Amino acid sequence: MERVIGLVNKLQQICTSLGDNALSPQSILWNRLPTIVVVGGQSSGKSSVLEAVVGRDFLPRGTGIVTKRPLVLQLVKTDDPNAVDYGEFAHAPGRKFTNFDDITKEIEDETDRHLLRQGGTKVVSPDPIYLTVYSNNVPNLTLVDMPGLTKVPIDGQPASIVQELDDMARQYVKSDNAIILAVTPANADLATSDALRMARDVDPAGDRTIGVLTKVDIMDRGTDCRDVLLGKTLKLKHGWVAVVNRGQADINSKVTMKDARGREHEFFQSKPEYQDLQNTGTTFLAEKLSNHLINEIMKSLPSIQSYIEGTIAKLQKELTALGGDVSHSRGAMLHLTLQLCQKLERAFERIVDGGKDGGEKVLDVFEIKLKEAINKLPFQKILTLKNVQMVVNEADGYQPHIIAPENGYRRLIEDGLSLLRDPALNAIEQVHQILKSIVTLAVNTPECRDLARFFNLKSEIINHAASTLEKLRKDADGMVRTLVDMEASYLSASFFREIVAAESYAYDPSRPRPAFYTLAGDNLFEKRYDNLPPADAHLQKISDHVSAYLAIVKGQMLATVPKAIVHTMVVPAKAGLLLELQEEVAGKEEPQLRRLINESEEIAAQRDGIRKRLTLLQRASGEIAAFM
């Protein structure tokens, strides 16, 4: 028995170290442990029951709300009957309280300190106080004493206190592993009991509830609680226990716990209605609670062990994801920095060469967006007969052309080529933005998760990657501008010779078919101009010739611009996205490297927290394994 309760006490101490209790948003262990939770109305005799079990006066007393925070009371039975009884608080480790009046004062003082830390506006708090009492006279038992419930706030209490107390107690008793010790005064109607009302709400079948009747000795003359103790009035699976505690007059008179136990025994033995009942007295209650708790613990241990092992595996996985501690030697820091840079580069290259988030987006720019942008260019505005005439006349100046307006041709072609510049440059910017987005994706890939730990290094990597991509964008910009300017700088005379040959073929199919004939467009040179006035026919021919030349150049640009962008942007980015950063880092001294990989405080705290929880849960697993 002692080993079982001792195990639970150790597990609950581990919960204390974890800051784990029934109110924890994500309780790790507490709600898995069978726990006796003591609930009752204010002045129901709840505190007297606990003191009778412990055999000591140690709880604050008074009117109104005396217990203002849950008290997790762990009773540890010692082997030496001559040893001095003492208590220890989790908030004051190492300090032994041998004077139980000092324990009372410490409960009050710690409650006041805690409420003050919370802002001083609260009357109660759900955060528990942890007290362990070591004595040869106590059963091995763990209880949680809740603040007393009430229906109406008294003077000085806020209107919200009724709901606050109810919500707090409900949080502790709603767990399936909570054993509810419902304390009810026998001299009051059970239907009005605050403790039974709450027990019915969370445990309607009464499977987890043990009823305790107090103040049996001051029931109205001619009444008794025998039917309740026999389960005839209100049946609970684990039954009822009647106790007689010291009254305030007894406490004031310094009646000892030993004497109070004697009087209690005499009372039940002197009353015919109770003489044949076993479920009376504080001694029976303590033994019943201890035995019941042991049974519940034994049933729960396998599932608790399984849960702890699963949680350990989960925490180990989380800890691995956060990475290990950082060595601050220059060599180790340099190695780590370069390693992280290379991981980012590999992730970047993989995404660029991959599917929809990388290579497909770049291909979409070349195959769809660039083609659509070029096809939508307003070449027809340049090639209207009115514009052709104006450009040719301006190009001729004071001396009209004799056969073909060569200067006019050149100007019209240059005007058309100038339209190609913007779509080509827009394609560069689109690919540039895609590459920047790929850097963001790469930073957040699983292989680069360690970057989240080092905010400064992550910022440097992102900034250097952006700087490299900007330089490459400028290189691509210069290359594409050169391509467009090259087309305007030198016009292919052979093309226009082919035009003449094409027109000859159109009029006389017996002549050889020129190579440019098909490339120039859909039977462009088979057009007849006989139905146009001579002047318009001349201008239309010029317009068609220029259009045919621009069609050839458009095809060349659709082929060469993507090549230029890939050659000057994509390939260099894959080859050396962080090359400059790595060269720069190689020359840094230890203090500079330390600033660069200064780990995020949040990540460090998160890792330390997981380590602490992991260590404590491994300890809990070891305790259970040793016991089983």
Summarise the accessible area of the range 94-145 (1.4 Å probe, protein heavy atoms) by the percent that is carbon and sulfur. 44
Along the range 258-271, Karplus-curve 3J(HN,Hα) (6.51, -1.76, 1.60; θ = phi - 60°) to the nearest Hz, with x for Gly and Pro, reads 4, 5, 5, 5, x, 5, 4, 4, 4, 4, 5, 6, 8, 9
Inter-site label distance for Ser492 and Asp224 at 7 Å from Cα along Cβ, in nm: 11.9
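For the range 345-482, report the accessible area per residue in Å² (1.4 Å probe, heavy atoms, rounded to an integer).
Heavy-atom accessible area per residue stands at 54 Å².
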For the Ile603, Ser303 Cβ pair and Förster radius 45 Å, calculated FRET efficiency rounded to 0.05 is 0.85
For the chain, calculated [θ]222 nm from helices alone, where every DSSP H run of n ≥ 4 adds -39500 (n - 2.57): -18500 deg cm²/dmol
What is the extension gain from Glu360 to Lys471, computed as 0.36 nm multiplied by their sequence separation minus the C-alpha to C-alpha distance, in nm to one decimal? 37.7 nm
Computed E for Val152/Asn426 - FRET, C-beta separation, R0 60 angstrom, nearest 0.05: 0.20
Highest mean first, how do 238-248, 176-186 rank when packing is the count of other Cβ atoms within 10 Å averaged over residues? 176-186, 238-248
Could you work out how far the C-alpha centroid of the range 539-579 sits from that of the range 178-243, in angstrom? 90
Stretchable slack from Arg200 to Lys174, in nm (0.36 nm times residue separation minus alpha-carbon distance): 8.3 nm
If we count every other residue with Cβ under 12 angstrom of Ser270's Cβ, Lys/Arg +1 and Asp/Glu -1, where does the sum land? -2
Which entry in [x] 30; [y] 36; [z] 51 matches percent of Cα pairs over 47 Å apart derived from the coordinates of this structure? [z]
Write down the percent of antiparallel bridges among all DSSP beta bridges whose residues are both part of the chain, to the nearest 5. 25
For the range 89-191, state which trypsin sites (Lys or Arg not before Pro) are in a DSSP loop and have at most 14 other beta carbons lying within 10 Å of their beta carbon. Arg95, Lys96, Lys151
So which GluC sites (Glu not before Pro) in the range 570-628 end up in coil per DSSP with only 14 or fewer other C-beta atoms within 10 Å? Glu589
How about Lys77: which aspartates and glutamates have a C-alpha closer than 16 Å to its C-alpha, ignoring those fewer than 8 places off in the same chain? Glu2, Glu51, Asp85, Glu88, Glu287
Taking a ≥ b ≥ c as the square roots of the eigenvalues of the Cα gyration tensor of the range 108-243, is the shape rounded (a/c under 1.5), prolate (a/b larger than b/c) or oblate? prolate
Residues whose built amide H sits under 5 Å from the amide H of Asn598, excluding neighbours closer than 5 in sequence, are Asn456, Leu457
Relative contact order for the chain, counting Cα pairs under 8 Å that sit 6 or more residues apart, in percent: 15
For a Förster distance of 25 Å, can you work out the FRET efficiency between the beta-carbons of Asp353 and Leu579, rounded to the nearest 0.05? 0.85
Filtered hits (lysines, Cα-Cα < 21 Å from Lys299, offset >= 8 within chain) -> Lys10, Lys174, Lys237, Lys288
Students often get this wrong: which residues of the range 560-581 have the backbone nitrogen under 18 Å from the point 7 angstrom along Cα-to-C-beta of Glu372? 562
If the cut-off is a Cα-Cα distance under 22 Å, which lysines reach Lys458, setting aside same-chain residues fewer than 8 apart in sequence? Lys343, Lys436, Lys471, Lys574, Lys588
In range of the label at Thr283: residues from the range 112-147 whose backbone nitrogen is under 18 Å from the point 7 Å along Cα→Cβ: 136-140
If I stretch the segment between Ser43 and Thr192 completely, what's the gain in nm (0.36 nm per residue apart, minus their alpha carbon distance), one decimal? 52.3 nm
Each label sits 7 Å from Cα toward the beta-carbon; between Leu532 and Gln118 the label points are separated, in nm, by 9.2
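The values are calculated or read from the model by the stated rules, or taken from the named source; none is laboratory data. None of the values given here were measured: they were computed from a predicted structure. Every residue, glycine as well, gets a Cβ built from its backbone with ideal geometry; the counts of neighbours run over all protein chains shown. Surface accessibility is based on the protein's heavy atoms, side chains included, excluding ligands, DNA and RNA. Shrake-Rupley method; radii C 1.70, N 1.55, O 1.52, S 1.80 Å.
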